1. For region 77-145, state which GluC sites (Glu not before Pro) are in a DSSP loop and have at most 16 other beta carbons lying within 10 Å of their beta carbon.
2. How would region 400-448 be classified by its alpha-carbon gyration tensor: rounded, prolate or oblate, with rounded meaning a/c under 1.5 and the a/b versus b/c comparison settling the rest?
3. In degrees from 0 to 90, rounded to the nearest 10, what is the angle of the helix 52-65 Cα long axis to the longest principal axis of the chain?
4. Would region 122-226 count as rounded, prolate or oblate if I go by the C-alpha gyration tensor, calling it rounded below 1.5 in a/c and otherwise prolate when a/b exceeds b/c, oblate otherwise?
5. If you compute semi-axes √(5λ) of the Cα gyration tensor in Å for the structure shown, which of [x] 52, 25, 18; [y] 40, 28, 20; [z] 34, 25, 23 do you land on?
6. Under a cut-off of 26 Å between alpha-carbon atoms, report the lysines in cross-link reach of Lys412, not counting same-chain residues fewer than 8 places apart.
7. Just the number, please: percent antiparallel of the DSSP beta bridges in the chain, rounded to the nearest 5.
8. What is the distance in Å between the Cα centres of region 317-354 and region 371-437?
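The values are calculated or read from the model by the stated rules, or taken from the named source; none is laboratory data. In this text, all values refer to a predicted model and were calculated from it rather than measured experimentally. FYI the Cβ positions are ideal-geometry reconstructions off the backbone, even for glycines, and counts take in every protein chain you see. With ligands, DNA and RNA removed, areas are computed over all heavy atoms of the protein, side chains included. Shrake-Rupley method; radii C 1.70, N 1.55, O 1.52, S 1.80 Å.
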Amino acid sequence: MTLGRREVMLAGLGAGLTAAVGPRMAQARDDVAQDAFSTYGVKPADGAISQTATLQDAADAAARTGTPLFLPAGSYSTARLTLKSGTHIHGVPGLTILRYITGGAILETEGTDNVRLAGLVLDGGGASLGDDGALLKATETTHLDVSDCRFMDSGGDGVVLRKASGRIADCEFGDIARAALFSENADGLEISHNHVHDCGDNGILVWRSEIGEDATIVSGNRIERIAANSGGSGQNGNGVNVFRAGSVIVTQNRIADCAFSAIRSNAGSNCQMVANSCTRLGEVALYAEYGFEGAVIANNIVDTAAMGISVTNFNEGGRLAVVQGNIVRNLFLRKTGENRGIGIGVEADTVVNGNIIEGAPSYGILIGWGDYLRDVSVTDNVIRKAHIGIGVSVSPEAGTALITDNLIDGAKDGAIRAMKGPSPIGPDLARDSAEAFRNLAVYANIGR
């Protein structure tokens, strides 16, 4: 390829800029590192002594002058450090380690703006952090930016945020006794591209103290091996748990090996669960429950769970959902609690369209329960290898259901059955008329 005069001149200019700017950038980094050593007396000590006082003085001075504080690779033992507005602390990713001594946290900030942390390892050493302890705590903090950090071996939570805005991105949370990240009453928060693993109770919690709009975005995270060591019937053991927080988007996450749910939204209206990959869940993989209005559960894959998708608790106000384009397969019956084995279960004001369910030992799709059924449309779904393809409540007080254009193959006890509580009654409605049931419109289905 022949280069013209213009390209040669631009190439020369680029080389000149690199030569001029590169040394200055390198010198700037050296100056910052030297400042941390000489001005503040901060240097790695491999855990031999507490460096709380020198670290606190360095952080305060850096915030006061607006200068990022660079901590070189090594181990720094510290009690709780309090960060002021404008504090920027940077380390060498994976190699700059803050080790917990005491105080219920390693880093804490409150009522601040523009705090940034990058390239730090916060190591709790498995020590008890107290009832409300966490490696990082931020309260009433705006423009918080935490990236490329690791939160490891915490005896409490990993990160606790209250009334915080900003982002937590590209971080690792591992060996956490309770929850990796707990956010309450957020005001514009992004939780993205983190690796969360081996947590005792939960992965990511997005909560509000009262029902209201939250609008947190949880996207692109890898979440795995979440236990429920504190017990309960679903408040623990979840990859992502939304509680009373409205307009939360949970999308494109990879979630595996959770004791209960991949994503569980309790009283969280207008929640979207879109394009998540969910594998090996101990209970309901994707759950919208209790007093919510509005949920979109679309384009997810669920492989191996006690139940694929549940949109429930119409008796508590749970209603209004779209369940569309999901693949749900390899369901199982639990040995404890509710047996489940259901692909998709819905109750009120819901469209179930274009899903594929395969391998459901109970129902492919269960519509309503007892009297709790209103205005459900189930169309264009494919159901394979279920005990009952579609079960629908015909209780005297149950509302209407439309069941049309579904393909059901290999259902052992009927493709479409009317349900009186847990018991099927009457003929297979995919083959015989449903006119005997005033609340059903069933036609153009294929069952074999």
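1. Counting only loop positions with at most 16 other Cβ atoms within 10 Å, the GluC sites (Glu not before Pro) in region 77-145 are Glu140.
2. oblate
3. Approximately 90 degrees, to the nearest 10.
4. Cα axes put region 122-226 in the prolate bin.
5. Checked against the structure: label [x].
6. Lys335, Lys385, Lys420
7. Roughly 5 percent of the DSSP beta bridges within the chain come out antiparallel.
8. Comparing the Cα centres of region 317-354 and region 371-437, I get a distance of 14 Å.
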